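Below is one structure, written out as structure tokens; the observations come after it.
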Amino acid sequence: MSTERLKILIVEDETMVGIGLQDQLTKLGHEVVGQAATAMDALAQFRDRQPDVVLMDVRLDGVDGIDLAAELMKIRRVPMIVISAYSNADQIQRAGDAGVLATWSNPSSRISSRPSSTSPSNGSARTSNSAWKRNN
């Protein structure tokens, strides 16, 4: 089975989390085109590197990751996945309202190459497909 190789931008201010994400994504055959630790760096890399997908930390150097995701989507619409060590209903709703494709809690869990509502290692992903279709 062949899967499309995606260009992914990681926006994460915790270096070790970003390295772990990059390692897993690379093992799955994707290309990580950059890792931004600040909102300003994320904006620059998003414009310059033209990623297919963005993984966005929910909290980034005092900036709300959901707001930053919405700002990036005003520049160019791509699937945005908000990652967090925890999630709650309000956060999931805000992300969906902002047009975020999914929220993913417990980013230290292994990334699955198959879309699912719950990953096999207790990490969970909640999709906002209706928001993505509505805003696309």
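All of the numbers you see were taken from the coordinates with simple rules; none came from a lab. Since the structure is predicted, the reported quantities are computational estimates derived from the model, not experimental observations. Neighbour counts run over all protein chains shown; Cβ positions are idealised from the backbone, glycine included.
Assorted remarks:
- Where labels lie 7 Å past Cα in the beta-carbon direction, separation of K74 and N88 in nm: 2.7 nm
- With one equal scatterer per alpha carbon and no solvent term, the Debye-computed log10 I(q)/I(0) for region 13-58 at 0.21, 0.26, 0.31, 0.33 1/Å reads -0.71, -1.06, -1.30, -1.34.
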